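> There's a structure below that I have some questions on.
The values are calculated or read from the model by the stated rules, or taken from the named source; none is laboratory data. Not measured: the values here are computed from a predicted model. A quick note on method: Cβ atoms are made from the backbone with ideal geometry, for glycine too, and the neighbour counts reach across all protein chains shown. These area figures cover heavy atoms from the full protein model, side chains too; ligands, DNA and RNA do not enter into them. Shrake-Rupley method; radii C 1.70, N 1.55, O 1.52, S 1.80 Å.
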Amino acid sequence: MRRTRSLLSIYVRIGRTYWRWAPSLLLLAVVVFVPLGAIHALTLEAGGGLHLLAIVGAVLALAATGLVGEVFYTGAVSILLTHPHDGRAPSLREITGMVKYGPLIAIDLLYGFGVAVGLILFFFPGILVFVWLGLTAPVVEIEHRGIRAAFRRSVELVRHKFWIVALVLIPIEIAGDALTNLATEATHGIVGSEFICEWLADVLSNIAFTPFYAVAAVLLTVDLIREKGGGARLHPAPPP
């Protein structure tokens, strides 16, 4: 019962935070996922052929798109929600100058690869990787840690709170995947172009759900850092 109340409280805070910060969250999502969606769509088209070069190109493009995906966006949202800039929340332009591109790109690749391999091989290890390392991107931007230190810190923060983190992040991720599938089917019925269908589905689903995932990850990270005596905190109000 106590865990249920705590879980519901977290979801309420996620909703309230999203509502207050929606303009900035959505603008940031547009900036990240509109070009990313085009790359994804091109990747799928390239992979549709049978030629070896097309297949190799598709694989390389898929690897590249992971550089600015969900993990990268979550890191950027961490800056938006927690980093003071002259006593206020940073603007989009300021965020682009503050993001730690190298560490977030590396974490995006390593984290995504670990989850994918775990799911393909035995499924359950993929879930463990997803949860234990799910706070790595916020840690990088909130505590200014390197890649290895951020992975270790995520494990440290999740320890003793595994089920809370899992029951927050996993449902949001599943809902986002389901929305992507629905969006893909819907756009196929409206738009004739395969490229446009895939691009719209990817962009719309990411803009709709990834901000919820990012806000959830940041809130959990801030709460768990504070539980361990850290000074992380959220901005009281979004930028004007």
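> Determine, yes or no, whether Ala175 is more than 20 Å from Pro23 (Cα to Cα), of a type in the set (Gly, Ala, Ser), in a helix (DSSP H, G or I) and at pLDDT 75 or above.
yes
> Within segment 80-117, count every residue that is under 17 Å from Val218 (Cα atoms) and basic (Lys, Arg).
1
> Then there is this: Here is a list of conditions, (1) closer than 17 Å to Ile174 by Cα; (2) at pLDDT 85 or above, and Phe123 meets all of them except one; can you say which number that is?
(2)
> Restricting attention to segment 211-239, and to residues there that are part of a loop (DSSP other than H, G, I, E, B) and of a type in the set (Gly, Ala, Ser), which single residue is least open to solvent (accessible area, probe 1.4 Å)?
Per the stated criteria, the residue is Ala232.
> For a quick check of your reading of the model, give me the residue pairs whose first member lies in segment 214-225 and is in contact (Cβ under 8 Å) with a residue 24 or more places away in the chain, whose second is surrounded by 23 or more Cβ atoms within 10 Å (Cβ to Cβ) and outside any helix (DSSP H, G or I), with beta-carbon atoms closer than 8 Å and at least 6 apart or on different chains.
Ala217/Gly134; Ala217/Leu135; Leu220/Leu135; Thr221/Leu135; Leu224/Leu135
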